[in-house]
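Below is one structure, written out as structure tokens; comments come after it.
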Amino acid sequence: MEDKVLRKLFLGFIQIHILHHAKEDPVFGSWMLEELKEHGYSISPGTLYPILHSMENDGLLNKEERNVSGKIRKYYSTTEKGAEVLVEARKKAYELFKEIKD
């Protein structure tokens with residue numbers, strides 16, 4: 001039960017993390033899984049890809065398909081709307097962190 005609650009909470013952090021990196025450079029799924037793993041988020045492709053698709057459907061990410069070694073790889077970059085959401089999310093996260101850090 002506790003695991004589910006934490007997982008739900010961390011999904012928002014994961015989305016902010018995706019927006020952050022996709023704003024810097026286009027990202028692809030397996031790279032994002034490794035990046036999240038480095039920060040302690042252990043999620044499966046079955047969790048990440050629906051998040052990416054949902055963020056794309058919400059207008060936060062653009063998807064570009066590229067041929068990489070004969071395979072199609074989907075790269076995601078932050079849209080203008082996604083960049084605006086990221087700015088607001090950073091402000092809210094910072095305010096929340098200041099309040100709960102102690």
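Bear in mind that the values in this text are calculations on the coordinates, not laboratory data. Computed from a predicted structure; not experimentally measured. Cβ sites come from the backbone with ideal geometry, for glycine too, and all protein chains shown count toward neighbours.
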## Note on the structure
A careful count of residues in the stretch 1-24 that are in contact (Cβ under 8 Å) with a residue 40 or more places away in the chain and in contact with a strand residue (DSSP E or B) (Cβ under 8 Å, 6 or more places away or on another chain) gives 4
### Summary
Within the stretch 1-40, residues surrounded by 15 or more Cβ atoms within 10 Å (Cβ to Cβ), in a helix (DSSP H, G or I) and among the aromatic types (Phe, Trp, Tyr) come out as PHE10
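Given the structure, is ASP58 under 22 Å from GLU88 (Cα atoms), among the acidic types (Asp, Glu) and loosely packed, with under 12 Cβ neighbours inside 10 Å?
Details: under 22 Å from GLU88 (Cα atoms): yes; among the acidic types (Asp, Glu): yes; loosely packed, with under 12 Cβ neighbours inside 10 Å: no.
Criteria not met by ASP58.
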### Evaluation of GLU35 against (1) touching a residue at least 12 places away in the same chain (Cβ under 8 Å); (2) more than 23 Å from LYS91 (Cα to Cα); (3) of a type outside the set (Phe, Trp, Tyr) (one fails), failing number
(2)
### Query
Looking at the stretch 50-86, which of its residues are touching a helix residue (DSSP H, G or I) at 6+ places or on another chain (Cβ under 8 Å), in a loop (DSSP other than H, G, I, E, B) and within 14 Å of ASP25 (Cα to Cα)?
none
